[in-house]
1. Rank-order 44-57, 94-107, 61-74 by packing density, defined as the average count of other C-beta atoms within 10 Å over each peptide's residues, highest first.
2. List the residues whose amide H sits under 5 Å from the amide H of LEU62, counting only those 5 or more places along or on another chain, with H placed 1.01 Å from N in the peptide plane.
Amino acid sequence: MRRAPSSAALARTAGGRPDQEPHLQDIAQGIATAGIEYYLPLFFDDTATVFDYFGAGAGLVLHGEVDEALQRFAADTKERHRFLQHDPDRPILPPEAIYLKTDEFFARAGRPCHLGAAGQ
């Protein structure tokens with residue numbers, strides 16, 4: 001369900017200054033600027049993942065070292081957040097508010113098939 005973000009949520013995200021953050025000013029005026037997807041949790045009670053688009057009988061095939069790739073992505077995302085979280089002009093939400101954690105990904109994926117290829 002879509003909702004207007006509360007003043008408190010915007011203030012927390014913008015370090016107490018939502019009226020001085022360009023992204024949040026644009027959002028308040030109905031302008032979809034680049035990067036707006038990172039603020040979706042402020043506007044929706046639930047956000048969809050790729051798993052929400054799969055049918056009940058859908059199977060998932062994973063290729064390669066998905067666990068390692070997800071771990072690297074999580075580490076990179078946390079580092080980026082750590083680096084940028086103090087910028088008052090570009091407030092960001094914590095990664096866990098935007099992305100699935102690795103264990104959540106695999107819980108939603110169920111028991112996927114793994115595809116492997118052998119070369120000569």
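1. In decreasing order of mean packing, 44-57, 94-107, 61-74 become 94-107, 61-74, 44-57.
2. Under 5 Å from the amide H of LEU62: CYS113, HIS114, LEU115.
Every number here is computed from the coordinates shown, using simple stated rules; none is lab data. As the structure is a computational prediction, the values presented were derived from the model and not from experiment. So basically every Cβ, Gly included, is an ideal-geometry build from the backbone, and we count neighbours across all protein chains shown.
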